[in-house]
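To start, the structure itself, in structure tokens.
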């Protein structure tokens with residue numbers, strides 16, 4: 001099933017993430033797909049808040065993995081192989097029942113499960129908060 005939503009603010013992005021959070025269970029993988037600056041981290045902020053994660057959510061671009069309670073936010077942009085992703089603790093996080101929010105999921109290759117939820121981001125007007133967000137689940 002695919003759902004496409006147009007959001008016009010950070011708050012609307014968070015509300016959509018909150019709605020998705022109600023469908024997630026331990027071991028869920030959420031693949032975040034879109035260009036740099038498309039709203040992926042903003043969406044994860046909404047997921048984290050909805051899941052009761054403590055602390056501030058920022059992009060894991062340089063540290064690659066950030067843990068926010070039961071939510072694990074990964075940015076795989078700098079990785080080159082499935083082996084690199086495994087070395088991050090991919091399997092351990094899933095075994096512990098974490099929910100994985102994964103930016104640049106194509107770097108994980110075959111590690112992405114068939115039942116993963118794919119969230120696609122497309123920017124709207126330049127210099128605006130408008131986005132089109134498509135969710136495949």
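Sequence-distant contacts, meaning Cα pairs under 8 Å at least 6 residues apart, place the relative contact order of the chain at 37 percent.
Estimated at 0.36 nm per residue, the fully extended path between residue 77 and residue 110 surpasses their Cα-Cα distance by 10.3 nm. A straight chain from residue 6 to residue 91 at 0.36 nm per residue would run longer than the Cα-Cα distance by 27.2 nm.
Take the convex hull of the alpha carbons in the chain; its mean projected area over all directions comes to 7.6 nm². An ellipsoid equivalent to the range 45-109, defined through the eigenvalues of its Cα gyration tensor, has semi-axes of 20, 13, 9 Å when rounded to whole angstrom and sorted largest first. On a 0 to 90° scale, report how tilted helix 10-21 is relative to the longest principal axis of the chain, with both axes built from alpha carbons and the result rounded to the nearest 10. Compared with the principal axis, the helix lies near 50 degrees.
Over the range 88-127, all Cα pairs binned in 5 Å intervals from 0 give whole-percent P(r) values of 5, 17, 28, 22, 10, 7, 7, 4, 1, listed from short to long. Binning the C-alpha pair distances of the range 34-78 at 10 Å intervals from 0 yields a P(r) profile of 29, 58, 13 %, listed from the shortest bin outward.
Bear in mind these aren't lab numbers, they're just calculated from the coordinates by the rules spelled out. Since this is a predicted model, take the numbers as computed values, not measurements.
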